[in-house]
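See below for the structure under consideration.
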Amino acid sequence: MKVLAFITFLVMIAPVAVQKSNENIFAGYTNFIYKEGYPVLPYKYETYVFPFGTEIKEVIVKEKNVEKIKLKEKIKPAPAPYPKKFEIKEGEIYSKDEFYPSSWYEYEIHAGINNGERVIFLSLYLYPFRYNALRNEVLHAEFDVKIDYVLPEKTESASLYDFLIISPDAWLSEIEALKQHKESKGIKTIAVGLNEIYSSNVARNGRDDAEKVKYFIKNAIEEWGIKYVMLVGGRAFGFNEKWLMPVRYAYAIDHVPPFTENEFISDLYFADIYKYENGSIVFDDWDSNGNGIFAEYNYEGRYDKIDLMPDVYVGRFACRSKAELKNVIKKVIEYENSDKVKRILFCGGDTDTFDREDVNEGEYLNEIVAGTMNDFECIKLKASDGSLNRKNIWKEIMKGIDFIDFSGHGSPNSWATHPHNSDEWIGITLLDVYTYYNRKLPIIFANACHTAQFNLTYECLGWQFLKKRHGGAVAFIGASGLSYGLSGYNTTKTLSGYLEIEFFKNYYESEFLGDMFYDAIKDYIIEIPLDDWQDYKTLEEYILLGMPCLQIK
C-alpha cells in the first residue's frame with residue numbers, strides 16, 4: 001500500500017548584514033554561488049532522503065517578508081577557475097535589468113546510494129538574496145516550504161552478492177584469488193566475464209559494449225543486491241585505441257583556450273545507473289537527447305540531462321596484462337592483511353600563483369585536510385618553505401604512509417606545483433615511481449589535472465603507482481581530464497578543492513574506499529547547485545583506480 005505524506009516547514013534566514021566594503025560580504029552565510037562572471041551570492045540548501053521508489057508529487061516554496069535593499073557598492077563577480085588565467089570580470093548579467101538568480105529556489109531529485117542503501121535524494125537550494133547589478137539592489141526573503149510525496153510499497157531487496165568483478169574472460173582464473181580473499185573477509189563476491197555479459201539477455205538493449213556492461217550492472221543490483229563493482233582492464237597495448245574493458249567518454253566541454261578538451265573518460269557512467277524522471281526511477285543512459293554522444297554539456301550547443309548521483313561504488317584496475325593484474329591483486333591482499341601506520345603525507349604549494357589573496361592554495365587545502373585527519377601523524381611537505389622536493393617525497397613514502405594528498409597541478413606522467421608566486425615546478429614523474437620500494441602501500445588522492453588519464457599509449461601516473469611491483473600505491477584517485485579549482489581561500493568552496501576535502505572527511509564514516517570516494521561526489525551534488533560545466537566535469541572526471549571495497553581501517 002502506497003502512503004501519501006508531506007513535509008512542511010519554515011526556513012529561517014540569517015538577518016541581513018551587508019558590510020559597507022568593496023566586497024559587500026553577506027555575514028552569517030557559509031555557502032555561496034561561484035559562477036564565473038556572476039555575482040557571488042549566498043544560498044541555503046536542505047536535503048531530504050526518501051526510500052527508493054518514492055514519488056515526489058510537488059515541491060512548493062513560498063517567499064515571504066520580501067524586502068528591497070539598495071547597496072552602496074557592487075557585489076563582485078566570481079573569478080575564473082584555474083587553470084584559466086585569473087581575472088575578475090563582470091559577465092553579461094551585470095548589464096541586464098534583471099535579478100540573479102532568476103528564481104528564489106530550485107531543486108533536484110536524484111536516485112542514489114546512501115550508507116549502502118538505495119534512496120531518493122531531494123536537494124532544495126534556496127536563494128535568500130537576488131541581485132540586480134544594473135540597479136545595484138538586492139531582494140531579500142524568507143521561505144515556507146511544503147513537500148508532497150508518496151511512499152512506495154515495502155519490498156525486500158536482494159542480498160545475494162555484495163561485490164561484482166567484471167573481467168575479460170581470459171583473466172577470470174587470476175581473479176579467483178581476489179574473489180576468495182574477499183569472501184574470507186565476509187564480502188560475498190561474484191566474477192563475470194565480458195563474453196557472458198555481451199551475450200546475456202539483460203544487455204541486449206545496449207548500443208555498444210559500455211552500455212551493455214552498464215545494463216548488466218543494473219541487473220546485478222536488482223537481482224543480486226550488488227553494492228560494489230570493479231572493472232578489470234584498461235587500454236590494450238598499441239597505438240590504436242582498443243579496450244580490454246569498455247570506457248565511456250563524457251563531453252562536458254570547457255572552452256578554455258588553450259586548455260580546451262572535447263572529451264574525457266568517466267567511470268562515474270558505470271556507477272550512475274538510475275535517474276528520477278517524471279515520478280519514476282528509470283535507467284540513466286547519459287544520452288537524454290539520443291544522439292549517441294554522452295554526457296553533453298554545451299557540446300556544440302547540446303546538453304544531456306543526467307543524474308550523476310552514484311548508485312554503486314565503482315573502481316577500476318586499468319590492467320594491460322595478466323602480469324599487471326596478478327601484481328595488483330597481490331598488493332590488495334597484502335594491504336588488507338597488514339596493519340595501518342596512521343601517517344598521512346601532504347604535498348602542496350602555490351597552485352594559482354599571483355592570486356589577489358596571495359594564498360598557497362595547495363598548502364591551504366593540505367592544512368584543511370590535516371585538521372580533519374587529526375588522529376594521524378601529518379607530514380607536510382611545502383613548496384613555500386623548501387621542504388617539498390623529490391627526495392623528501394621519496395623518503396616519507398619509504399617510511400610508510402597510509403594516505404597521500406597531492407594538491408597542485410598534473411599531467412598524465414607527473415604531479416607538480418610551484419613555490420609561492422614562482423614559475424618553478426617541483427614534483428614527481430613516472431620515473432620517480434620506479435624508485436619507490438615501500439612496503440606500506442598508500443591510498444593517493446591527487447587534486448590535479450590528468451593524473452588518472454589512462455587512455456594513453458603509455459600509462460598515466462595513477463596507474464604507474466598501482467602497477468609498480470614491490471611498492472607504489474594500492475589505490476589512486478585522480479582526474480582523467482583538466483581539473484578546475486578556485487583561487488585563494490575560496491579554493492575550498494567548490495570544484496576539485498571541495499572534492500579533496502570531502503574525500504578525506506569521509507574517512508571517519510567509511511569502512512571501504514569506494515564509500516569514502518563516492519560519498520564525496522554525493523556530498524558535492526547535494527550541497528552545491530550544479531549550474532555550470534565546471535561542476536559536471538569535476539564530478540565526471542575523477543576516477544578511482546583501485547578496488548572499491550578496499551578495507552581502509
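For this structure, a couple of remarks:
Residue-by-condition table, conditions (1) under 13 Å from the mean Cα position of the chain (by Cα); (2) among the small types (Gly, Ala, Ser); (3) assigned by TED's automatic domain parsing to the domain that holds residue 403; (4) at pLDDT 95 or above:
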| site | (1), (2), (3), (4) |
| --- | --- |
| 512 | no, no, yes, yes |
| 518 | yes, no, yes, yes |
| 522 | yes, no, yes, yes |
| 525 | yes, no, yes, yes |
| 530 | yes, no, yes, no |
| 537 | yes, no, yes, yes |
| 540 | yes, no, yes, yes |
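Yes or no, residue by residue, for (1) surrounded by fewer than 24 Cβ atoms within 10 Å (Cβ to Cβ); (2) in a helix (DSSP H, G or I); (3) not charged (D, E, K, R):
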{"site": "465", "(1), (2), (3)": "no, yes, yes"}
{"site": "473", "(1), (2), (3)": "no, no, yes"}
{"site": "497", "(1), (2), (3)": "no, yes, yes"}
{"site": "505", "(1), (2), (3)": "yes, yes, no"}
{"site": "519", "(1), (2), (3)": "yes, yes, no"}
{"site": "535", "(1), (2), (3)": "yes, yes, no"}
{"site": "553", "(1), (2), (3)": "yes, no, no"}
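- Every residue from the range 33-45 that is modelled with pLDDT of 95 or more and surrounded by fewer than 18 Cβ atoms within 10 Å (Cβ to Cβ): 45
- Within the range 475-495, tally of residues that are at pLDDT below 95, assigned to a helix (DSSP H, G or I) and either at positive phi or touching a Ser or Thr at 6+ places or on another chain (Cβ under 7 Å) (or both): 1
- Answer residue from the range 112-151, given it is part of a loop (DSSP other than H, G, I, E, B) and buried (at least 20 other Cβ atoms within 10 Å of the Cβ) and is nearest to the chain's Cα centre (by Cα) among those: 127
- Whichever residue in the range 86-111 is part of a strand (DSSP E or B) and of a type in the set (D, E, K, R) and, among such residues, is nearest to residue 68 (Cα to Cα): 106
- Looking across the range 199-222, the residues that are surrounded by 15 or more Cβ atoms within 10 Å (Cβ to Cβ) and not hydrophobic (A, V, I, L, M, F, W, C) come down to 200, 206, 209, 211, 212, 214, 215, 218, 219.
- Check on residue 285, of a type in the set (D, E, K, R), surrounded by fewer than 23 Cβ atoms within 10 Å (Cβ to Cβ), outside any strand (DSSP E or B) and in the same structural domain as residue 176 (by TED's automatic domain parsing): yes
- Hits in the range 226-257 - residues which are part of a loop (DSSP other than H, G, I, E, B) and surrounded by fewer than 17 Cβ atoms within 10 Å (Cβ to Cβ): 236, 237, 238, 239, 240, 241, 242, 255, 257
- Scanning the range 357-376 for residues that are assigned to a loop (DSSP other than H, G, I, E, B), surrounded by 17 or more Cβ atoms within 10 Å (Cβ to Cβ) and either in contact (Cβ under 8 Å) with a residue 40 or more places away in the chain or among the basic types (Lys, Arg) (or both) gives 359, 360, 373.
- Condition check for residue 160: more than 19 Å from residue 515 (Cα to Cα), of a type outside the set (Lys, Arg), assigned to a helix (DSSP H, G or I) and in contact (Cβ under 8 Å) with a residue 40 or more places away in the chain: no
- Pairs where the first residue, in the range 453-480, is touching a residue at least 24 places away in the same chain (Cβ under 8 Å) and the second is of a type outside the set (A, V, I, L, M, F, W, C) and in a strand (DSSP E or B), C-beta under 6 Å, 6+ apart: 455/235; 462/478; 479/542
- Residue match in the range 281-298 (condition: of a type in the set (A, V, I, L, M, F, W, C) and under 28 Å from residue 332 (Cα atoms)): no
- Among the residues listed as 397, 379, the single one being part of a strand (DSSP E or B), more than 18 Å from residue 498 (Cα to Cα) and among the β-branched types (Val, Ile, Thr): 379
- A count restricted to the range 163-213 and to residues that are not in a helix (DSSP H, G or I) and not β-branched (Val, Ile, Thr) stands at 15.
The values are calculated or read from the model by the stated rules, or taken from the named source; none is laboratory data. Given the structure is predicted, the values throughout are model-derived calculations rather than measurements. Heads up, the Cβs are rebuilt from the backbone with ideal geometry, glycines too, and the neighbour counts pull from every protein chain shown.
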